[in-house]
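**Q** Okay, here's the structure, questions in a sec.
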């Protein structure tokens, strides 16, 4: 299959679920196009880039394992995702990966997700959380960082401090996820005898 054929499938009119589903089914029927789909997300090809990101997200919500062979490329190019329409699905994919690894303990992902990639995911999630991003991106970054913090001791104190500093002026969605994550951190600290971080005034 050629790039042009993939681009034709991605050139749908709106972000309606039916359009994303049709394009994702086409990619799954032609799995050799998946690497090009991923590449399109990170290359600035106008509307095709964010449409590719939406299709990638749709595929990975159903079957995250499609992304596993491409994690090195994915994490190596996350910094190239700067537009809102692309950052949001990328943040969602990081959230899905963190849940699959730490909560669901997916053995396939445990075998392939490297220490370097975890660090890249941590750095990018913190960047999304402290920069001017949409709430949908920031709340997913919170969850991703919560799970990463169960492995890396320094993450929870930093995450907790950021949420506490911003929760009072955040949107309802930010406040709801922030309270939930702070509660999870408190419970995790208690269950694992970690020192509690005082609430900021």
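The values are calculated or read from the model by the stated rules, or taken from the named source; none is laboratory data. The structure presented is a predicted model; accordingly, all values stated were derived computationally and were not measured. Cβ coordinates were reconstructed from backbone atoms using ideal geometry, including for glycine residues, and neighbour counts include every protein chain displayed.
**Q** On the basis of being buried (at least 21 other Cβ atoms within 10 Å of the Cβ) and more than 24 Å from residue 127 (Cβ to Cβ), does residue 27 make the cut?
**A** On the way: buried (at least 21 other Cβ atoms within 10 Å of the Cβ): yes; more than 24 Å from residue 127 (Cβ to Cβ): yes.
Yes; evaluated as a whole, the condition is true for this residue.
Rundown of residues vs (1) farther than 21 Å from residue 41 by Cβ; (2) touching a residue at least 12 places away in the same chain (Cβ under 8 Å), yes/no style:
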{"position": "118", "(1), (2)": "no, yes"}
{"position": "158", "(1), (2)": "yes, yes"}
{"position": "169", "(1), (2)": "yes, no"}
{"position": "177", "(1), (2)": "yes, yes"}
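**Q** Can you find a residue in segment 97-106 that is farther than 22 Å from residue 187 by Cβ and modelled with pLDDT of 95 or more?
**A** yes
**Q** For segment 162-179, give me each residue that is loosely packed, with under 14 Cβ neighbours inside 10 Å and more than 15 Å from residue 137 (Cα to Cα).
**A** Correct list: 165, 168, 169, 179.
**Q** Output the qualifying pairs, or none if there are none: Cβ atoms under 8 angstrom, residues six or more apart or on different chains, first residue in segment 122-143 and touching a residue at least 60 places away in the same chain (Cβ under 8 Å), second residue in a helix (DSSP H, G or I) and buried (at least 21 other Cβ atoms within 10 Å of the Cβ).
**A** none
**Q** In this structure, is residue 65 over 19 Å from residue 3 (Cα atoms) and either out of contact with any helix residue (DSSP H, G or I) (no Cβ under 9 Å at 6 or more places or on another chain) or free of Cβ contacts under 8 Å to residues at least 24 places away in the same chain (or both)?
**A** No.
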